[in-house]
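**Q** This is the structure, below, for whatever I ask next.
The values are calculated or read from the model by the stated rules, or taken from the named source; none is laboratory data. All of these numbers come straight from a predicted model, not from anything done at the bench. Here the Cβ positions follow ideal geometry from the backbone for every residue, glycine too, while neighbour counts run over all protein chains shown.
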Amino acid sequence: MHLSSSFRICGTVLSGNAASLIEAAVESGLEFCDQILLVDTGITDDTKQRFGTKVGGRGITSSLKWTNDFAAARNFAMQEAMRIDAQYAMTLDTDERVFIQHPNPREFLAEQFAKHPDVVVWMVRSKCGSYAKERFFKLPIPDRMKWSGRTHECFTGYNHRETAVLRDCYFDEVKKSPEQMQHKLERDLRILLEVTGAEPNNARWWYFLGQTYKALQQKEEAIQAYTKAVEIPNAWREQAACSAYCAATLAYELKDFDRSLAFCCSGLQRESAWPELFWLAGLNCFQLKLYADAITWSEASIAIGHYSGRKQGENRVLFRFSPGWFECPFEVLLFTYRRLGKSEDAERMKVLHQQAKQTRLDLQASRVGISESEAIPSVTTWYEPVPVLYASDSISTAKNVGTLDATQSVNGSRTTRLRLAILGCYRSGSSVLAGILEHLGIDMGAPYWGDYYEPQDLSEKLRIWWTEPHLIEAVSKPDRVRYLQEWIQTRENTSQPIGAKHPLLSMSPSDLVEAWGDNTKFIWTSRPPLKSIESLVKLGWWKEPELIQLELWYRTRRFLESREHLVIEFRETLADPAKQIDSLIEYLGINPTAEQIADAIQLVRRPGGG
């Protein structure tokens, strides 16, 4: 339906070759835009033809020579929108989709724009709620305002009275493939190194340089870049605090808890409305055994947080780690009180943690109309202090169920053998899962270590590689990969698919990919961390079992964020083993007999099977 000309909105899209994306992108804007402008920055495929077919007479095309400068291209698009006398412009990338939760989006926008005539820049939050982008602009744009930055560009020149967050509106992004992500990161790194050299006192570029290094797994370089952003005297306070938080998370990952705590304090010096900085400071104190300080920091996080506190981070613009606003400080208190032997206080914190987490999930789901399982960031344990700071550029996470590729490449050779690994914590149901797979015809590496379906020879090596319970690396990666290659090759003397299970494999998943091939299948046997910790406590294997359990959980989650995998919930396996077995069969592409399936089900149902 053509929209009224009395209130004109022009959507602007920068595009190179994006034939597979352009139609879905512009469709999300057609409901409320009068016209959509496609800025051709070097299209050589049929993107323009698909665009024209989709938008019909409401489409306009302009051309601009690409110069590796996103700000210049966006400023050009804004000028073009003003040239056709639009009253508002909306910026949209080909991999973005905009959604307005209102029966009549056009009416909703008209109402919001009329109610706030002084607002020039309307921010729209991401679906995950972790950050916002400049999205709608009142035209004509004053001369003092413009896009700045060759990459990670931002709109500049406006004051706080001229901007607002558009409620009931959000955007989502098509996730990039690993190859697309690598290309983007390498491009951004080149540009940001040039820009930080030319503008060394601009904290924004140091922050994004840190983000780029972080995504490239260059943690020390990332920390140095974040530190530059924090130290610039007149930097935007929120930008400086965010940079400090990012540096603190990386130092925490490196288990440099003193350094991480120092970054938390630096960030709070720049801006105090950061519940996640207080929480992470408490977490570091817990790791340093400074229990009184852990309690103080956590209580401060709760006091300014969003569950029962003052909600001081509500108006922040930059990325936010929402579990740190809700449940995470309660979980630090839970483990701190448990360590101090205060069981009643620990149980009280356990209840509050669950309530706070559910409150967060309910708010996320109601805000953008998504289910609990889709609510992002989906962080399930306080041991993972890493926010979705690079959410807009996150590598594509494959679906949980896939089909078996008939061949794999390992060191240049090809094999038709299915190879799989079970990852997960101790006491998470991995033994019963390995037993199921053995009954379904998978060679799980017998002879086993005890009754755990863990290959005895591989188990002995893993315990040498990673000293328990602190999981200190004792053997180099090349040596680990070499052994894993030898191990798998010695077992490939039959036609059976081959698998392995051991909790310490969660410390070496990248070793498995290098040794067994990129098409190695991964199954995550999942159980709530608190449950698996409580189960391990009863066994009394280690004095502080939470250290090893949470590290294994963290490693597994981080690795599987960018890998195709299947999640098998321990509770669901016990409740309905047949359904979980169906999922395994579909994911692995195997064809067990009816007798094998019956035996696998019986394994779970027999006394002690769980």
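**Q** Could you say whether any residue in region 299-308 is without any contact (Cβ under 8 Å) to a residue 24 or more places away in the chain and in a helix (DSSP H, G or I)?
**A** Yes, region 299-308 contains a residue that is without any contact (Cβ under 8 Å) to a residue 24 or more places away in the chain and in a helix (DSSP H, G or I).
**Q** Could you check region 64-97 and list, in sequence order, the residues that are of a type in the set (F, W, Y) and either touching a residue at least 40 places away in the same chain (Cβ under 8 Å) or outside the structural domain of L37 (by TED's automatic domain parsing) (or both)? Quick ask: steps written out before the conclusion?
**A** Here is the first cut: in region 64-97, the residues of a type in the set (F, W, Y) are 66, 70, 76, 88.
The answer is W66, F70, Y88.
**Q** For region 114-147, enumerate the residues that are part of a loop (DSSP other than H, G, I, E, B) and under 24 Å from F319 (Cα atoms).
**A** Taking region 114-147 first, the residues part of a loop (DSSP other than H, G, I, E, B) are 116-120, 127-131, 139-145.
Listed by number, the residues that qualify are V119, V120, K127, C128, G129, S130, Y131, M145.
**Q** Further question: Any residue in region 515-533 that is over 21 Å from H353 (Cα atoms), at pLDDT below 85 and in contact with a helix residue (DSSP H, G or I) (Cβ under 7 Å, 6 or more places away or on another chain)?
**A** At the first step, the residues of region 515-533 found to be over 21 Å from H353 (Cα atoms) are 515-525.
Those still in the list that are at pLDDT below 85 too: none.
The answer is no, given that none of the residues of region 515-533 is over 21 Å from H353 (Cα atoms), at pLDDT below 85 and in contact with a helix residue (DSSP H, G or I) (Cβ under 7 Å, 6 or more places away or on another chain).
**Q** Quick one: T593 ticks every box in (1) surrounded by 16 or more Cβ atoms within 10 Å (Cβ to Cβ); (2) among the polar types (S, T, N, Q); (3) out of contact with any strand residue (DSSP E or B) (no Cβ under 7 Å at 6 or more places or on another chain) except a single one, so which number is it?
**A** All conditions are met except number (1).
**Q** Next question. Regarding Q456, is this residue closer than 19 Å to S430 by Cα and either over 32 Å from the mean Cα position of the chain (by Cα) or surrounded by 18 or more Cβ atoms within 10 Å (Cβ to Cβ) (or both)? Spell out the reasoning first.
**A** Numbers: closer than 19 Å to S430 by Cα: yes; either over 32 Å from the mean Cα position of the chain (by Cα) or surrounded by 18 or more Cβ atoms within 10 Å (Cβ to Cβ) (or both): yes.
Yes.
**Q** Of the residues I548, I597, I568, only one is in contact (Cβ under 8 Å) with a residue 12 or more places away in the chain and more than 30 Å from L283 (Cα to Cα); which? Before the answer, list the steps.
**A** Working: I548 fails: more than 30 Å from L283 (Cα to Cα); I568 fails: more than 30 Å from L283 (Cα to Cα).
Matching residue, one of I548, I597, I568: I597.
**Q** Okay, moving on. Say we look at region 245-271 and pick out the residues that are among the small types (G, A, S) and within 28 Å of I472 (Cβ to Cβ); which of these is surrounded by the most Cβ atoms within 10 Å (Cβ to Cβ)? It would help to see each step written out before you state the result.
**A** So the first thing to find is which residues in region 245-271 are among the small types (G, A, S), and the list is 247-248, 251, 260, 262, 266-267.
Now drop any that are not within 28 Å of I472 (Cβ to Cβ), which leaves 247-248, 251, 260, 262.
Details: A247: 28, A248: 30, A251: 25, S260: 25, A262: 17.
My answer is A248.
**Q** Which numbered condition trips up Q580, out of (1) surrounded by fewer than 21 Cβ atoms within 10 Å (Cβ to Cβ); (2) part of a helix (DSSP H, G or I)?
**A** (1)
**Q** Another one. Being touching a Phe, Trp or Tyr at 6+ places or on another chain (Cβ under 7 Å) and surrounded by 14 or more Cβ atoms within 10 Å (Cβ to Cβ) is the filter here, so list the residues in region 29-60 that pass it.
**A** Of the residues in region 29-60, the ones touching a Phe, Trp or Tyr at 6+ places or on another chain (Cβ under 7 Å) are 38-39, 41-42, 59.
If the condition is that a residue be touching a Phe, Trp or Tyr at 6+ places or on another chain (Cβ under 7 Å) and surrounded by 14 or more Cβ atoms within 10 Å (Cβ to Cβ), then L38, V39, T41, G59 are the ones that fit.
**Q** Which of the residues belonging to region 111-140 are more than 20 Å from D172 (Cβ to Cβ) and crowded, with 21+ Cβ neighbours inside 10 Å?
**A** V120, F137
**Q** Moving on. So L530 passes all but one of these: (1) buried (at least 20 other Cβ atoms within 10 Å of the Cβ); (2) within 30 Å of N284 (Cα to Cα). Which condition number does it fail?
**A** In the conditions (1) buried (at least 20 other Cβ atoms within 10 Å of the Cβ); (2) within 30 Å of N284 (Cα to Cα), L530 misses (1) alone.
**Q** Another question, if that's okay. Among all residue pairs at least 6 apart or on different chains, which show Cβ distances below 7 Å where the first residue, located in region 48-63, is among the hydrophobic types (A, V, I, L, M, F, W, C) and the second is outside any strand (DSSP E or B) and surrounded by fewer than 17 Cβ atoms within 10 Å (Cβ to Cβ)?
**A** Filtered contacts from region 48-63: I60/I84.
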